[in-house]
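The values are calculated or read from the model by the stated rules, or taken from the named source; none is laboratory data. From a predicted model like this one, the values you see are computed outputs, not experimental measurements. Cβ placement follows ideal geometry from the backbone for every residue including glycine, while neighbour counts extend to all protein chains displayed.
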Amino acid sequence: MEAVAEVGGSYAELSQTFRSRRTRSVAWRKAQLQAILKLLHDHEVQIFDALHQDLRKHPVESFRDEIGVVLKSANYSLSCVEKWMAPKKVPIPLLFFPSKGEVFPEPFGLVLIFSSWNFPISLSLEPLIGAISAGNTVILKPSDLAPACSSFLAKTIPLYLDSNAVKVIEGGMDIAEKLLQQKWDKIFFTGSPQVGRIVMSAAAKHLTPVTLELGGKCPTILDSLPNPSDIKVAAKRIAGGKWGPCNGQACIGIDYVLVEDRIASALIESLKKNINRFYGENVNNLENLSRIVNKQHFDRLRNLLDDPSVAASIVHGGSLDEKNLMIEPTILLNPPLDAEIMTEEIFGPLLPIITLNNIQESIEFLNSRPKPLAIYAFTKDETFKKQILTETSSGSVIFNDVMVQFVCDTLPFGGVGQSGFGRYHGKYSFDTFSHEKAVLQRSFFPELEPRYPPWNDFKMQFIRLAYRFDYFGLLLLLSGLKRTFA
Amino acid sequence: MLFIAGISSSLDTMSGLSINNNLFALHCRVGAGPASVDRALRNRFANNSTAPLQKHQTHLSFPYHHRYWRLLCSQPCSATLTLMAEEEKKTSDIERASLLVKELRECFDSGKTRSYQWRVTQLKSIAKMVEEREEDIVTALLKDLSKPEMETFVSEISMTKGSCKLALKELNHWMMPEKVKTSMSTFPSSAEIVSEPLGVVLVISTWNYPFLLSLDPVIGAIASGNAVVLKPSEIAPATSSLLAKLLEEYVDNSAIRVVEGAIPETSALLEQKWDKIFYTGSKRVGRIVMAAAAKHLTPVILELGGKNPAVVDSNVNLQVAARRIIAGKWGCNNGQACIAPDYIITTIDFAPKLIDALRSELKEFFGEEPMESKDISRIVNLYHFTRLKNLMEEDKVFQKIVVGGQIDQNQLKIAPAILLDIPEDSQIMEEEIFGPLLPIITVENLKDSFAVINSRPKPLAAYFFTDNEKLKKDFVENISAGGIVFNDTIVHVTVSTLPFGGVGESGMGSYHGKFSFDAFSHKKAVLYRSFKGDSSTRYPPYTPGKQRFLKSFLNGDILGAIFALVGWS
């Protein structure tokens, strides 16, 4: 009951704040963005602690993937928000002269953000930055699966940001359900396709637009690179991208690798080396590696490996430490394609390597599966690049690297098909939380008589010409000369 | 993953309920059945007896339920037979729809629709079709809506042609990848945004501009390289069947199809997995469409309507303002347009002058006897005629008619009607009018109009006639609407550089011009990196030095980054 009252009360307060119009001013938006910067600055250590508690993230990893990313985005928004807010002039056909057309971005109003547990700080604050930059009031519901971060956000955000306009509501599915019953002007969801469906169905009742940031099995294609050192760089980037960010528990994490038979062993060797160098060799002492978020996910991952034919395909790692919820970086070579590990998003430190006779087959391989959030491809073959670009579909395509698209503010971040819809980051975050209002200013003169009934042949002729923007013809028609020429 | 189990059951129940409440709407705006069904529905409406229906609504399957349908269709003596026949029909509808999507998906997968050449050929064919079959189009619209030829030409034929031509002219440019800058954190790299088709899309259109509102989104879908199914509204049957015939004749049927039909056909289509659904119509059906899309995580564009206000200041050129209001209200399908002004707000003092001007300009446009005028559309069908009649005949409303309001049920005609100062709580001020009735609300001070507008759901368009620059600025900042036009009505739809679409209850997503292309495209982010420029700081084992480096790096602080690298900081 208390939770219901909290949701209702917060909602009412947010509406009131939005109606007061104060969230629309540049000053308010900038002040909030600055508050986020200050919050991160003041509480860096607490954030490291919270992330360590929830996921055992190393502080450097936490800084790279959470604090640093948000600092960068907040700074970027801070420097651009005024420019983004300015109405955009658009050209208007001469026929409407004198007129002025512009697109005026306005905040939606009350927005709801559901964030996820794997990057509990950045996936909460990144959309929040967009919502605030666009001038909205916000309720943020962090994931209850990262409780330390959730309670950190709930405790700290009200101390820094305008607490009548930005609220954090903690809770699990009961609270989520209560929140979804309210009428929002926009819902931004990061999480799984299953919950995405529920969120969108609830939004449909109120005709609320949604952005769904889901996941998917993001493949990495490794072409046979002519230069052996390039394979090493690729393996390094794969090892860093797979196990680095939250130990594979990332929506843009590498799910599996496609490679030609003949270079599979070189890749595996190189990956092993990097694993040892990056994360150490002992499963009981992997301090540079995040743990699995909870028992349920640990069991889910263990079950993936329990399938005997999958277990048989393990070529590296595979040890589990249930007490510490730790799973060692694990490489599998050609697990059966119909096994769960190849049909479900893995979301953990298991890396299947699938070999193909020819790397060209990867296109068909990808196209027979749902569209992923990202495709990574290591290749120097320009034709193959073009082929990947035009013949497959995914949220994004990254050549010769992994994960780095997340820090690129000028690129839209978002999925397609099963990996979601809508996009954010940089200006796209602002757009995601703004309505682009079309504004057309007309004057009372001149008045084009042929617009109005009663209709006759002259007016028909006029309109025909007008739609062709045939100004010369119009002049002739108006001066009465048209008929002599026609 | 987070809270799925607990939430799903209760949400299912809820969506079930809302869907049922909306079946009326689906029937009225998207669907239609045999005449007897129509009558049955109207009777139910008249008696307000939704209760017997609700009894059957506990666990209906979405989006169309056989028991409900049976209730409407059944003859007393053959209930079981009807039920069986209808079950069979439902199954075959779904099978047909699923087969159709499968065929189109195969075509899309073949890559044929992606080529520039294919897109251009189809668009040219549509332009040619509109050019060559102008007469057929005019005739169909005359049949469906008695739409005057000139109106058809202006708002259906020319606009469609215009969209085609613009797409043909700009397509090359639109399809080009957009280069974007990359930041230092990914140096050395280059990046671009590539527009790719979404796949197989569904366009559900409506009856008031049945030609334009069908083809305009289809043009966008084709320009973006999608395979597309169009479901025109069966409430404009002549245009629906003309579209089916013409598209079969003119465009590539392996990728572009028309499905005609009513609720069962629409429901069967909505059960399929689409890559985008573009719907034009009512809020109530909009909800059904979006809920159906949610099952497949399909993005939607909803072009709905709303009560569009037109605010009139006293400092305006009265004659011009009156003419532009009339052109937008009655000159647009007799008020049956989603962007037509729904009601007027003006000051108490100015209202009589405005009414006089409207009255005399109406006479100018449609003559002394507007019921005889050939320059005005009729009401689309008996259901809508009755709905409008009821709005007008509500007790406290009827006596407020100050101009017009004559009706002729046989011809489904309603003359332009102006109503002054009707009560706020009357039905006519509650729902979208979508017809030739124009209420005028008066306020003490023009600025009070903002509160009137903001107390209602966000409209698709808001019009403001004034020369006061300060008020204009306030209006833009205070009024939320899909689009705003000063000193005119409806003309913003013809400006292809402006996005057209609603906000809040007037819909989501926008189209027209380049926006149509974007509406049916996925914007794929592409980042090109080289094998060089690999900083060890990205990788574990993590050290304090790496942290210092990253801090500077992500903030774009080059000096700091260098210092961290050489160990000075």
Does at least one position in region A:82-93 carry a residue that is under 20 Å from the mean Cα position of the chain (by Cα) and more than 11 Å from chain B (Cβ to nearest Cβ)? yes
Report yes if some residue within region A:363-376 is in contact (Cβ under 8 Å) with a residue 60 or more places away in the chain, out of contact with any Gly (no Cβ under 8 Å at 6 or more places or on another chain), assigned to a strand (DSSP E or B) and within 20 Å of B:I193 (Cα to Cα); otherwise report no. yes
Any residue that is assigned to a helix (DSSP H, G or I), more than 10 Å from chain B (Cβ to nearest Cβ) and more than 24 Å from the chain's Cα centre (by Cα) - is there at least one of those in region A:53-69? yes
So A:G196 fits all but one of (1) small (G, A, S); (2) within 13 Å of chain B (Cβ to nearest Cβ); (3) free of Cβ contacts under 8 Å to residues at least 12 places away in the same chain; what number is the exception? (3)
Whichever residue in region A:377-393 is surrounded by fewer than 22 Cβ atoms within 10 Å (Cβ to Cβ) and assigned to a loop (DSSP other than H, G, I, E, B) and, among such residues, is farthest from the other protein chains (Cβ to nearest Cβ): A:D381
Cβ pairs under 7 Å, 6+ apart, first in region A:278-294 and more than 14 Å from A:H52 (Cβ to Cβ), second at pLDDT 90 or above and among the acidic types (D, E): A:V283/A:D321; A:V283/A:E328; A:N284/A:D321
So B:F486 ticks every box in (1) within 10 Å of chain A (Cβ to nearest Cβ); (2) of a type outside the set (A, V, I, L, M); (3) surrounded by 24 or more Cβ atoms within 10 Å (Cβ to Cβ); (4) within 29 Å of B:I401 (Cα to Cα) but one. Which box is left unticked? (3)
Evaluate region A:203-223: report whether one residue or more is in contact (Cβ under 8 Å) with a residue 40 or more places away in the chain, surrounded by fewer than 23 Cβ atoms within 10 Å (Cβ to Cβ), facing chain B (nearest Cβ under 10 Å) and not in a strand (DSSP E or B). no
Flag if A:F462 is surrounded by fewer than 18 Cβ atoms within 10 Å (Cβ to Cβ) and either modelled with pLDDT of 80 or more or over 16 Å from B:E149 (Cβ atoms) (or both): no
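Only one of A:A31, A:A74 is part of a helix (DSSP H, G or I), away from chain B (no Cβ under 12 Å) and aliphatic (A, V, I, L, M). Can you tell me which?
Details: A:A74 fails: away from chain B (no Cβ under 12 Å).
Result: A:A31 is the single residue among A:A31, A:A74 that is part of a helix (DSSP H, G or I), away from chain B (no Cβ under 12 Å) and aliphatic (A, V, I, L, M).
Given the residues A:K459, A:K437, which is the only one that is facing chain B (nearest Cβ under 9 Å), more than 19 Å from B:E178 (Cα to Cα), in contact with a helix residue (DSSP H, G or I) (Cβ under 6 Å, 6 or more places away or on another chain) and among the basic types (K, R)? Steps first, answer last, please.
Details: A:K437 fails: in contact with a helix residue (DSSP H, G or I) (Cβ under 6 Å, 6 or more places away or on another chain).
The unique qualifying residue is A:K459.
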So in region A:390-406, with the set limited to residues that are touching a Gly at 6+ places or on another chain (Cβ under 6 Å) and at pLDDT 90 or above, which one is farthest from A:R64 (Cα to Cα)? A:G395
Considering every residue within region B:499-520, establish whether at least one is on the phi > 0 side of the Ramachandran plot, within 7 Å of chain A (Cβ to nearest Cβ), touching a residue at least 12 places away in the same chain (Cβ under 8 Å) and not in a loop (DSSP other than H, G, I, E, B). yes
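Among the residues of region A:396-404, are any within 7 Å of chain B (Cβ to nearest Cβ), under 25 Å from A:V233 (Cα atoms) and among the hydroxyl-bearing types (S, T, Y)? Break it down into steps so the answer makes sense when it comes.
Start the filter on region A:396-404 by keeping residues that are within 7 Å of chain B (Cβ to nearest Cβ), which leaves A:396-401, A:404.
Now narrow it down to the ones that are under 25 Å from A:V233 (Cα atoms): A:396-401, A:404.
This time we only want the ones that are among the hydroxyl-bearing types (S, T, Y), so: A:396.
Within region A:396-404 (the criterion being within 7 Å of chain B (Cβ to nearest Cβ), under 25 Å from A:V233 (Cα atoms) and among the hydroxyl-bearing types (S, T, Y)), the answer is yes, since at least one residue qualifies.
If you take just the helices (runs of 4 or more DSSP H) that sit entirely in region A:394-486, which of them hold at least 1 residues that are among the small types (G, A, S) and farther than 22 Å from B:M159 by Cβ?
Per the criteria, A:427-432.
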Among the residues of region A:95-130 satisfying the criterion of being over 20 Å from the mean Cα position of the chain (by Cα) and among the aromatic types (F, W, Y), which is farthest from A:Q441 (Cα to Cα)? A:F104
Failed condition for A:S224, given (1) at positive phi; (2) modelled with pLDDT under 95: (1)
Exactly one of (1) closer than 22 Å to A:N334 by Cα; (2) at the interface with another protein chain (Cβ under 10 Å from one of its Cβ atoms); (3) aliphatic (A, V, I, L, M); (4) surrounded by fewer than 23 Cβ atoms within 10 Å (Cβ to Cβ) is unmet by A:V233. Its number? (1)
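How about region B:380-481: which helices (runs of 4 or more DSSP H) wholly inside it have at least 1 residues that are over 27 Å from the mean Cα position of the chain (by Cα)? Spell out how you get there, then give the answer.
On the way: elements: B:382-393, B:395-398, B:427-430, B:448-454, B:469-478.
Counting at least 1 such residues, we get B:382-393, B:395-398, B:448-454, B:469-478.
Looking at B:D518, B:D557, can you tell me which residue is among the charged types (D, E, K, R), modelled with pLDDT of 95 or more and either surrounded by fewer than 20 Cβ atoms within 10 Å (Cβ to Cβ) or touching a His at 6+ places or on another chain (Cβ under 9 Å) (or both)? Let's see the steps before the verdict.
Values: B:D557 fails: modelled with pLDDT of 95 or more.
Testing whether each residue is among the charged types (D, E, K, R), modelled with pLDDT of 95 or more and either surrounded by fewer than 20 Cβ atoms within 10 Å (Cβ to Cβ) or touching a His at 6+ places or on another chain (Cβ under 9 Å) (or both) leaves just B:D518.
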